[in-house]
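The values are calculated or read from the model by the stated rules, or taken from the named source; none is laboratory data. Bear in mind that the values here come from a model prediction, so they are computed numbers and not experimental data. Cβ coordinates were reconstructed from backbone atoms using ideal geometry, including for glycine residues, and neighbour counts include every protein chain displayed. Remember, those area values only see protein heavy atoms, side chains included, never the ligands or the DNA or RNA. Shrake-Rupley method; radii C 1.70, N 1.55, O 1.52, S 1.80 Å.
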Amino acid sequence: MSWLTLLPMALVLAVGVAFGAAPLPLHPHWAARTLATIAAAATVTAVGTLVFITVNYAAGIFPRAAERVPEWALFGDDRPVPDAIGVPAVVLTCLVAFLIVRLAVGWSRQIRQAQRSCRQVLDCDAPLALAVPGRRRGGVLVSRGLLRILDRAQLAAVFQHEASHLRHHHHRYLALGELAATILPPLRRLNSRLRFALERWADEDAAEAVGDRALVARTIARVALARSAADAAPPGMPAFTESGVVERVQALLEAAPGRNTITGPLSLTGAGLTTGCLASLAWQLDRFFGLTLPYL
């Protein structure tokens, strides 16, 4: 096993940290797609690298069982993985598997609970609006508190915002970002950028649908002022005033952002190709280049 095996994970992690450090100068829908692509590639690369090392470490401990492992899943040499690398890899692989299962169970439970309440108005004073995914049981969950403080035009803006979340399946983006941030804590800022970009994406869709950017800005501000910290939505589902309220209001009071018909696709393609190649090379990188490098 060479140190080159860890290079893809380190590079993708560095890309994720860099993209999380500053906002992307793109339309929110391109920014969200780019950030989600990087989050997905970072997750695949990290998990792939850990599993790769774990499999090869286990192959050194159980040589008979290793005969059943496909050749492509093993390093290009017969040197065993040192205990100093193999043991932490096994522990981290088990930890990552536990975190993935825990997140999946938590998301499923939250979505089922929200779906059960989705067909009626939520009886609470907190002003809540939540996009609940699901083809048959999904929809927009609102509270009596929200209906009480907003007029008809403002409610239309809220429903257009939440409809954008549902139409573009933003809960999947949120799941990717949350998973990446859980497995790789340095990507928490990237996850925050992603969540903000999704809200801005829905804001712009709502502003275009109602034809009044200032109305959407006032609605966001009014709902945010009426909410408390205890009214936070589940992390796997987008809520109306979920993040970056001040920045979102300021953006809506300015001119609509450009569509980035050229720079947007180029940025997404570049990020996807770069991180995707690194993710695929997380397996067999040393064999791919045919290099003999110092061993760990």
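Here Ile183 passes the criteria (1) crowded, with 19+ Cβ neighbours inside 10 Å; (2) under 24 Å from Leu252 (Cα atoms) except the one numbered (2).
Matching residues to (1) over 20 Å from the mean Cα position of the chain (by Cα); (2) at pLDDT 95 or above:
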position	(1), (2)
Phe159	yes, yes
His168	no, yes
Asp203	no, yes
Ala224	yes, no
Pro235	no, no
Gly244	no, no
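Filtering Thr43, Thr54 for residues that are over 27 Å from Asp205 (Cα atoms) and free of Cβ contacts under 8 Å to residues at least 60 places away in the same chain leaves a single hit, Thr54. Residue-level check: of (1) open to solvent by 40 Å² or more (accessible area, probe 1.4 Å); (2) part of a helix (DSSP H, G or I); (3) at pLDDT below 90, Gln115 misses just (1). No other residue among Ala89, Ala66, Ala126 is touching a helix residue (DSSP H, G or I) at 6+ places or on another chain (Cβ under 8 Å), modelled with pLDDT under 90 and over 29 Å from Ala206 (Cα atoms) apart from Ala66.
Residue-by-condition table, conditions (1) charged (D, E, K, R); (2) farther than 21 Å from Trp107 by Cα:
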position	(1), (2)
Leu184	no, no
Leu190	no, no
Arg195	yes, no
Leu198	no, no
Asp203	yes, yes
Glu208	yes, yes
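Under the condition of being open to solvent by less than 30 Å² (accessible area, probe 1.4 Å) and among the small types (Gly, Ala, Ser), the residues counted in region 92-112 number 1.
On the basis of being in a helix (DSSP H, G or I) and open to solvent by 30 Å² or more (accessible area, probe 1.4 Å), does Leu4 make the cut? It is false that Leu4 is in a helix (DSSP H, G or I) and open to solvent by 30 Å² or more (accessible area, probe 1.4 Å). Only one of these conditions is not met by Arg152: (1) over 20 Å from Ala217 (Cβ atoms); (2) open to solvent by 50 Å² or more (accessible area, probe 1.4 Å). Which number is it? Going through the list (1) over 20 Å from Ala217 (Cβ atoms); (2) open to solvent by 50 Å² or more (accessible area, probe 1.4 Å), Arg152 breaks only (1). Of all residues in region 118-171, those being in contact (Cβ under 8 Å) with a residue 60 or more places away in the chain and part of a loop (DSSP other than H, G, I, E, B) number 6. Kindly evaluate Asp205 against the criterion of being free of Cβ contacts under 8 Å to residues at least 12 places away in the same chain and either open to solvent by 10 Å² or more (accessible area, probe 1.4 Å) or over 30 Å from Leu92 (Cα atoms) (or both). No; evaluated as a whole, the condition is false for this residue.
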